[in-house]
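I have placed the structure first, in the form of C-alpha cells, so that the comments after it can refer back to it.
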Amino acid sequence: MTIFLKKKEQKKENNGYLLWGLIAVELFMSFSFLGYIHIEPISLTFVYIPVLVAGCILGPKEASLVGAVFGLASMWKASAFYVGAGDAVFSPAMSGKPIQSILLSVGSRTLFGFIAGVLYKMAMRGKHPTAGLLVVSSFGRVLHTIIVYGFMGAFFPEMGFTAANTLEDIKRWDFLISTAAVDLIVFLCYTLRRSDHATRLFQRIKKIDEINASVMRNRRGIAVMLILVLLSSFSVAVYFTNRIGSVMSRYGVSLQENASYDIMHLQIQFLLGMISLALLVVIIVLMYQKNFNYLYYEARLDGLTGLLGRRQFFQVGEGMLGNMESPEEGKTGCFIIMDIDRFKEINDRFGHPEGDRILKGVAENLKRVFGNKGILGRLGGDEFVALINYQMSREEIEEQLRRLREEIGQIHIQEEHVTCSVGVLPVVREYNIDKLYHRADRLLYEAKKQGRDQFVFGKRDVEQEG
C-alpha cells in the first residue's frame, strides 16, 4: 500500500505554461513571415523549431502535440484557392484525397514531434547530454524533410517527391546557417529551462496553482471564454469579408466566389495570428502575476517552518471546504491536528534552538507525507494542522499516518526520539473550518489521554459530538 500511494503522489512538474506558450509561438510563426519562405514549387518552413524545443525541454508527448498544431495550421493555410499545386496537397479540401492530406499535414508533423522528443530523451540520458542535444537539433531539419517528403511520396506519388529529395534541401546554401541558428535557439531554451531562476519560478507557479486548485476546481468558465473568443474571431472575419464585398460592389467591382473565400481565409489567418500573439502575452503576464502572488503568499508563511500561519490557514481552508467535491464511496478528506509530545519539556531541558530544529523536522515530514494532498499550517507553538481534500479510505489515511509517525520517529534528541499525538476527523461539508478544528482538537486531547504517540479517529456523523 505504501509503495502504491508513493507512486500515486509523484506528479510531473507542471509544464502547461510552457506547452501553451510553445503552441502560441507555433501558431504565430505559422501565420506570420517568421515561419515560412516560399521556393517553387513548395513552401519551406521554419515552424518546426517550436516542435524541436518542445521535444527538448518537455518530451515526446508534448512535442507530438505541438507538431499536430503545426500540421493543422499548415492544412488551413493550404485550404485556399490562391495556393500552388505543391501546397494544395496538404489540404483535404483541395487535394481530392482528404485522408491522405490529413496524414500528410497532421500525421507527418505529429510523427516528427514524437521522434524528435524520443531522440532528445535518449540524448539526455547519454554521457554527454549537451553534445547529444546539439546532434539531435542539427538533424531536426533533415528529419522533418525526410518525413514530409516520405509521406508525399507515399500518398501523392504524382507530385514526384520522395524522401530522396531531402538531399536537395541539404545542398541549399542556407542549410548550415539555419542549422546553426536552430542549434543556438534550442540550446538557449534548454539552458534557460534548467537555470535556477526558471526552476524557482516554476516551483512558485506550481505552488500557487496547487492552492488555487484546492480552493476552486471549476474551470469551465475559461473553456467557455475561449470558445466565445474563437467564435467572435470567426464572426469578425465573415463581417470583414462581407464589408469588402459591399465596398467593391459600390465601386462597380464584383468579387468572384473564390476570391471572397480567399479574402475570408486570409482574414481568419490574420485573426489566428493575433490570437496566438495575445495568448502568448497572456501566458507571460499570468506567470508574472503568479510569481508575484507567491512572493506575497511566502511573506505570510510561518517563518520557521514555511507552513501557513493561523490566519491564512483558516482563510484558505474555508475556501477549500466550500469547493470540496462530494466524497466517493468509502473515501473522504480529513482534518488533522497534531502536536509534539512533551515539547515544553524538550525546550526546558535542551533549549529553544533544539526545539526549533524539531519543529522544522516535523514540518518537513508533514510536507513530505501530506504536502500534495491539501494545505498544512502551524497555528503556533508545536501545534500543526492539515486539511486534506484528497479522497482516501480510512485504511489509506491510517497508512499515511503510520508513515508520518515512523518518519517523525527518526528525529532524535540525544538518546530519545520525537513522538506526536494526532487527532483525525473525516471532513463533513456541513461543518465550517472552525467546527472541524474544535472537534479535531478534542480527538487530539483524547490521544494524549490514551498515552500519546498515537492517532485517534473521529466519526463522520454530523450529529456525533463526542
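What to note about this one:
- Kirkwood Rh and Cα Rg combined as Rg over Rh, evaluated for the stretch 245-385: 1.40
- Backbone HN-Hα couplings from phi across the stretch 20-27 [Karplus 6.51/-1.76/1.60, Hz, Gly and Pro as x]: 5, x, 5, 5, 5, 5, 4, 5
- Computed E for Y251/I170 - FRET, C-beta separation, R0 30 angstrom, nearest 0.05: 0.05
- Using θ = phi - 60° and Karplus 6.51 cos²θ - 1.76 cosθ + 1.60, couplings along the stretch 302-312 (whole Hz; Gly, Pro as x): 4, x, 7, 9, x, 8, 5, x, 4, 4, 5
- Magnitude of the charge dipole, the chain, Cβ model with Lys/Arg +1 and Asp/Glu -1, debye to 20: 220 debye
- Cross-link table K121/K207; K367/K435; K206/K290, entries beyond 19 Å C-alpha to C-alpha: K121/K207; K367/K435
- With a cut-off of 15 Å between beta carbons, the residues surrounding D183 carry a summed charge of 0, where Lys and Arg count +1 and Asp and Glu -1.
- The distance linking the stretch 102-162 with the stretch 319-392 is 50 Å (Cα centroid to Cα centroid, whole angstrom).
- Summary of packing: across the peptides 85-92, 233-240, 311-318, the per-residue average of other C-beta atoms within 10 Å ranks them, highest first, as 85-92, 311-318, 233-240.
- Put a plus charge on the Cβ of each Lys and Arg, a minus charge on the Cβ of each Asp and Glu, and nothing anywhere else: the dipole of the stretch 310-457 about its Cα centre is then about 280 debye.
- Placing a label point 7 Å from the Cα of L295 along the Cα-to-Cβ direction, the residues of the stretch 181-214 whose backbone N falls under 19 Å of that point are 196-209.
- With 0.36 nm allotted per residue and the present C-alpha distance subtracted, the V118-E210 stretch has 30.2 nm of extension available.
- Calculated FRET value between K127 and E328, using beta carbons and R₀ = 51 Å, to 0.05: 0.60
- Whole-Hz Karplus values for the stretch 245-250 come out as x, 5, 4, 5, 5, 4 Hz, taken residue by residue from phi with 6.51 cos²θ - 1.76 cosθ + 1.60 and θ = phi - 60°; glycine and proline positions read x.
- Compared with the dominant principal axis of the Cα atoms in the chain, helix 257-299 is inclined by about 20°.
- FRET efficiency estimate (nearest 0.05) - Cβ-Cβ, A198 to Q454, R0 35 angstrom: 0.20
- C-alpha long axis of helix 175-194 to longest principal axis of the chain, angle in °: 10 degrees
The numbers here are math on the coordinates, done by the rules we state, and not lab data. Given the structure is predicted, the values throughout are model-derived calculations rather than measurements. Note that we place each Cβ from the backbone using ideal geometry, even for glycine, and neighbour counts take in every protein chain shown.
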